[in-house]
Amino acid sequence: MDHKTKGWKFAKSTRQRQIVSTLIKDLIRHGKVDTTATRAKETSRYADRMVTLAKRGDGHARRQAYKLINDKELVAELFEEVAPGYSDRDGGYTRILRLPPRRGDGAEMARLTFV
């Protein structure tokens, strides 16, 4: 049994686990991203954590955000453009909207956006 294990494993391949980082980058760049519902839920957890770090705004928070995002320009955009808009909000920075199933395989789709 996997007690004390949080989050989805995404079939345990390295590429599948890196998808969360890629989705967060696209969310910061474009403000929204369409993906499967499971990936959207997992990405939402990490995206909210990144915005919370950006609201803190110190150097250590910037290094922690860079550890997941791994792009200096996007970290700067997160800290300087995205986070100030949520200064009065305590949490729940992302929204998951359900979309119709994907045409090819019928996968449950969702759109992840900033609130």
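Counting other Cβ atoms within 10 Å, which GluC sites (Glu not before Pro) in the stretch 29-115 have at most 13 and lie in a DSSP loop? If you can, show how the numbers build up before the last one.
Numbers: sites: Glu42, Glu73, Glu77, Glu80, Glu81, Glu108; in loops: Glu108.
Answer in residue order: Glu108.
Which trypsin sites (Lys or Arg not before Pro) does the stretch 64-115 hold that lie in a coil by DSSP with at most 15 other beta carbons within 10 Å? Walk me through the intermediate numbers first.
Values: sites: Lys67, Lys72, Arg89, Arg95, Arg98, Arg102, Arg103, Arg111; in loops: Arg89, Arg102, Arg103.
Those satisfying the criteria are Arg89, Arg102, Arg103.
Where Lys and Arg each count +1 and Asp and Glu each count -1, what net charge lies around Gly92 among other residues with Cβ under 15 Å from its Cβ? Could you put the intermediate results ahead of the total?
Numbers: positive: Lys41, Arg45, Arg49, Lys55, Arg89, Arg95; negative: Asp48, Asp88, Asp90.
Here the count lands on +3.
Expected output is a single nm value to one decimal: the length gained when fully extending between Arg29 and Glu80, i.e. 0.36 nm times separation in residues minus the C-alpha distance. What is it? Intermediate results must be reported in sequence, preceding the final value.
On the way: separation 51, 0.36 × 51 = 18.36 nm, distance 1.30 nm.
Answer, rounded to one decimal: 17.1 nm.
Can you give the relative contact order of the stretch 33-109 as a percent, counting alpha carbon pairs under 8 Å and 6+ residues apart? Can you show the working numbers first?
Working: 60 pairs, mean separation 30.1, N = 77.
Reported as a whole number, the value is 39 percent.
How much FRET efficiency would the formula 1/(1 + (r/R0)^6) give for Tyr66 and Thr14, where r is the Cβ-Cβ distance and R0 is 22 Å, rounded to 0.05?
On the way: r = 20 Å, r/R0 = 0.90.
Efficiency, rounded to the nearest 0.05: 0.65.
Can you pull the three principal axis extents for the Cα set of the chain, in Å, largest first?
43, 32, 25
FYI, it's all coordinate maths here, none of it is from the lab. Note that this is a predicted model, so its numbers are computed, not measured. Using ideal geometry, Cβ is built from the backbone for each residue, glycine included, and neighbour counts are taken over all protein chains shown.
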